[in-house]
Amino acid sequence: MPSQFPAAIQDPSRLKKLQLLGILSGFAAGAWLGAAEAPTKLVSIGISPMVISLIMVIGVFLARWSLPALILGTSSVRADVRRAPHLIVWALLAGCLWAVANTLTIFAIRDIGLSIAFPLWNSNSLLGILWGLLFFNELRQAG
């Protein structure tokens with residue numbers, strides 16, 4: 001059976017480099033996710049969870065809108081809005097829900113600690129997979 005990948009991708013040295021890149025990307029993603037929750041420990045020294053959450057929300061907003069505008073120009077941001085203006089309402093709703101959940105996460109970390117609250121908080125990934133299977137018929141033909 002012929003391979004579906006071009007010969008350049010099948011090169012063993014290239015595959016090894018791509019595998020190493022994938023592994024390093026996975027570690028970087030894990031470190032980034034862990035570092036994202038590090039500010040929540042500031043609540044232990046008396047900083048308000050609301051202030052910490054507000055700073056994190058501002059950071060996400062700036063990362064989503066400012067960095068793409070700096071890299072691609074403001075015209076790409078305007079084009080995104082023009083392409084799907086109805087998604088603005090959903091984005092605002094999702095952002096509000098995320099901000100509330102983020103603030104509750106800070107309270108949980110303050111009360112039960114990072115090592116217990118963080119895995120519980122990330123269990124929502126499993127819930128997302130389950131919802132995708134049940135409600136949206138996803139992953140049915142996944143290999």
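Being assigned to a helix (DSSP H, G or I), among the acidic types (D, E) and surrounded by 11 or more Cβ atoms within 10 Å (Cβ to Cβ) is the requirement here; does D80 meet it? Yes: the conditions hold for D80. Just one of V60, V89, V77 is touching a Pro at 6+ places or on another chain (Cβ under 8 Å) and among the aliphatic types (A, V, I, L, M); which is it? Testing whether each residue is touching a Pro at 6+ places or on another chain (Cβ under 8 Å) and among the aliphatic types (A, V, I, L, M) leaves just V77.
Sub-6 Å Cβ pairs linking a first residue in region 121-140 that is over 25 Å from T103 (Cβ atoms) to a second residue that is among the acidic types (D, E), at least 6 apart or interchain, are G132/E138, ordered by first then second residue. If I ask for residues that are more than 14 Å from M50 (Cβ to Cβ) and at pLDDT below 80, which ones from region 98-107 would you list? Answer for region 98-107, where residues must be more than 14 Å from M50 (Cβ to Cβ) and at pLDDT below 80: there is none. Being more than 22 Å from I58 (Cβ to Cβ) and hydrophobic (A, V, I, L, M, F, W, C) is the filter here, so list the residues in region 119-139 that pass it. Within region 119-139, L120, L126, L127, I129, L130, W131, L133, L134, F135, F136, L139 qualify. Sub-7 Å Cβ pairs linking a first residue in region 92-119 that is polar (S, T, N, Q) to a second residue that is loosely packed, with under 14 Cβ neighbours inside 10 Å and in a helix (DSSP H, G or I), at least 6 apart or interchain, are T103/M50, ordered by first then second residue. For region 82-97, indicate whether the set of residues that are out of contact with any Cys (no Cβ under 8 Å at 6 or more places or on another chain), over 27 Å from E138 (Cβ atoms) and either at pLDDT 80 or above or polar (S, T, N, Q) (or both) is non-empty. There is at least one residue in region 82-97 that is out of contact with any Cys (no Cβ under 8 Å at 6 or more places or on another chain), over 27 Å from E138 (Cβ atoms) and either at pLDDT 80 or above or polar (S, T, N, Q) (or both). Candidates L97, L139: the one that is exposed (fewer than 12 other Cβ atoms within 10 Å of the Cβ), aliphatic (A, V, I, L, M) and in contact with a Leu (Cβ under 7 Å, 6 or more places away or on another chain) is L139. Selection over region 100-135 of residues that are among the hydroxyl-bearing types (S, T, Y) and surrounded by 14 or more Cβ atoms within 10 Å (Cβ to Cβ) gives a count of 2. Here R64 meets each of (1) assigned to a helix (DSSP H, G or I); (2) modelled with pLDDT of 80 or more; (3) surrounded by 11 or more Cβ atoms within 10 Å (Cβ to Cβ); (4) among the charged types (D, E, K, R) with one exception, condition (2).
The values are calculated or read from the model by the stated rules, or taken from the named source; none is laboratory data. The structure displayed is predicted, hence computed values, not measured ones. We place every Cβ from the backbone using ideal geometry, glycine too, and count neighbours over all the protein chains shown.
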